[in-house]
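The structure appears right after this line, and notes come after that.
Taken together, the values in this text are just the output of simple stated rules run on the coordinates, not laboratory data. All of these numbers come straight from a predicted model, not from anything done at the bench. When we count neighbours, we look across all protein chains shown, and the Cβ atoms used for this are built from the backbone with ideal geometry, even at glycine.
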Amino acid sequence: MAVTNDTPAQSLDSLEARLQRISYAINGDQETEDASTTPRSADGTAASRLQKLETQMQTLASKSSTADMVLKLQSQHPNLFNQTNSAEQPNTLPLPSQAALVLSHAQLYSRISGQLQSLQETNVPDPTSASKLRELQPRIDKAAARQEQQAAELAELRSRSAAAVERWYETGVLGMAERWAEWEERMRDVEIVVRRLEAVKKREEELV
């Protein structure tokens, strides 16, 4: 009789351990894997533990597309996941329908199999490197702020350089061009006056 009473608790423990192993295989959570090897406490009623398992499964499905696809496949075709002895519960689908069902989901099976295989071959990254990068975050933020400050200073220097070049062009180039034009005009006026004086002097010499 004691064995019969312990059966639901053992089943719940088995379900919890399986869910933890699946979560570890998908998420790579080391704490989850360690917890899967530790015996679970039997705190709470069976209904509350079942409710907790369903919540964890929904959370896992929301984070993993693979788990979500498996749950959808199970809801659409529950007979595929039924572990009842076929002699006790025979399959009602004819053989051609079964073959068509399998073929219609062949790509899904291959994709899920490949994803599970890749999860098994994926190594959990060493958290040491991530912790070192996290320790460097203040220095990275400081360097980014310094870079933004230098970019602002460079922009100001470019603006001042452009203004200086504009002033030099206006005063040094355009201003000198205007002065040269003024000097040439004055030289022409002086040359006209000199020619007139030379002509007057020449006429006076001829009269003498």
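For this structure, a couple of remarks:
- With the highest mean first, a sort of the peptides 109-120, 148-159 on other beta-carbon atoms found within 10 angstrom per residue produces 109-120, 148-159.
- Length added when fully stretched, T128-E204, from 0.36 nm per residue minus Cα-Cα: 16.3 nm
- For the range 111-160, Kirkwood radius (reciprocal of mean inverse C-alpha pair distance, Å): 14.8
- For the pair N79 and V190, label points projected 7 Å from Cα toward Cβ lie 11.7 nm apart.
- FRET E, pair W168, E148, Förster distance 22 Å, beta-carbon r, rounded to 0.05: 0.10
- Bridgeable lysines around K52 (alpha carbons under 29 Å apart, same-chain partners fewer than 8 residues away excluded): K63, K72.
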